Amino acid sequence: QGQLVESGGGLVQPGGSLRLSCAASGSVFTKNAMGWYRQAPGKQRELVALITRSGTTNYADSVKGRFTISRDNAKFTVYLQMNSLKPEDTAVYYCTYGSVLPGYWGQGTQVTVSS
């Protein structure tokens, strides 16, 4: 912790979009896989999406086709583009890095999908 800065959460209506950002230090970013997890109230933290150092991605079934994870190697930043948001996407979203995920955590950013 302390090496990730997350941003981009907020309140959005169903069907809307948000983009989360996670900025890391250069050494963290270039040496590790990066990912996003989320935790809804009363539920366990779950994987949303991950991206390896080489750019291979993996998604939870619940977000496939709606969310896209990407990394900008020049800015040491990983993004989570979230489209067609649903109320069930409401959660605190956490960025993580490590040789194996989940590893070290960011502070989390709240995403609320509600009309």
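What follows is calculated from the coordinates using simple rules that are stated; it is not laboratory data. Model, not experiment: these values are computed from the prediction. Here the Cβ positions follow ideal geometry from the backbone for every residue, glycine too, while neighbour counts run over all protein chains shown.
For region 46-58, backbone phi angles converted through the Karplus equation (6.51, -1.76, 1.60; θ = phi - 60°) give residue-by-residue couplings of 10, 5, 9, 6, 9, 9, 7, 4, 8, x, 5, 10, 8 Hz, Gly and Pro being listed as x. The Rg/Rh ratio of region 68-115, with both radii computed over alpha carbons and Rh defined as the Kirkwood radius, is 1.02. Highest mean packing comes first when the peptides 104-115, 55-66, 88-99 are listed by Cβ atoms within 10 Å, giving 88-99, 104-115, 55-66. A simple spin-label model places the labels of ASN83 and GLN110 2.8 nm from each other, with each point 7 Å out along Cα-to-Cβ. As a length-normalised measure over Cα pairs under 8 Å and 6 or more apart, the relative contact order of the chain settles at 37 percent.
Once the C-beta distance of ASN73 and GLN39 is scaled by a Förster radius of 22 Å, the resulting FRET efficiency is 0.20 to the nearest 0.05. Over all projection directions, the Cα-based convex hull of the chain averages an area of 6.4 nm².
The HN-Hα couplings worked out from phi for region 69-79 by the Karplus form 6.51 cos²θ - 1.76 cosθ + 1.60 (θ = phi - 60°) are 9, 8, 9, 10, 5, 6, 9, 6, 10, 10, 10 Hz, whole numbers, x standing for Gly and Pro.
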